[in-house]
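Worksheet: the structure to be examined is printed underneath.
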């Protein structure tokens, strides 16, 4: 097995290319899936918990912001724009914090057991996934030789 010299690890390739694909394609699809699942549930509880539905709606709007910001930072990273790495790292931290905050939302309202369970399943599982996703990729961006060679300002 041959190894690539560290000086040749530059540009969008390898794990960095994989991460760009995740940021620009897969993560936006997952965000839209969470929005869709929450919207369906929101419609079913509109009459019984209107105040909680407003809170869900605010969360949906914030999630749409993450959807577009994820596309923006993913494309900036793919195009090797200056400052892209720090923008992606900010996205990862903010998105993880939002997912964790949203995971406790079902416990804030006076929701019935079935609805609370469904929201915990949506938000809780998403928070765990987003937390580990953010942690792993944040560490990759901080330690990767390819990232350091491609983005010397990072």
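What follows is calculated from the coordinates using simple rules that are stated; it is not laboratory data. As the structure is a prediction and not an experimental result, all values here were calculated from the model.
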Subject >> CD proxy at 222 nm, helix term only [per DSSP H run n ≥ 4: -39500 (n - 2.57); per residue of the chain; nearest 500] >> reply: -23500 deg cm²/dmol
Original post:
With axes computed from alpha carbons, what is the tilt in degrees of helix 27-45 against the longest principal axis of the chain, rounded to the nearest 10 within 0 to 90?
Top reply: 0
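With a/c under 1.5 counting as rounded, go ahead and sort the stretch 55-135 into rounded, prolate or oblate using the C-alpha gyration tensor (a ≥ b ≥ c being the square roots of the eigenvalues; past the cut-off, prolate if a/b is larger than b/c, else oblate).
Cα axes put the stretch 55-135 in the prolate bin.
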Subject >> Which label in (1) 11.0; (2) 9.9; (3) 12.7 gives the computed mean projected area of the Cα convex hull in nm² >> reply: (2)
Original post:
Which angle from 0 to 90°, rounded to the nearest 10, does the C-alpha axis of helix 50-78 make with the longest principal axis of the chain?
Top reply: 10
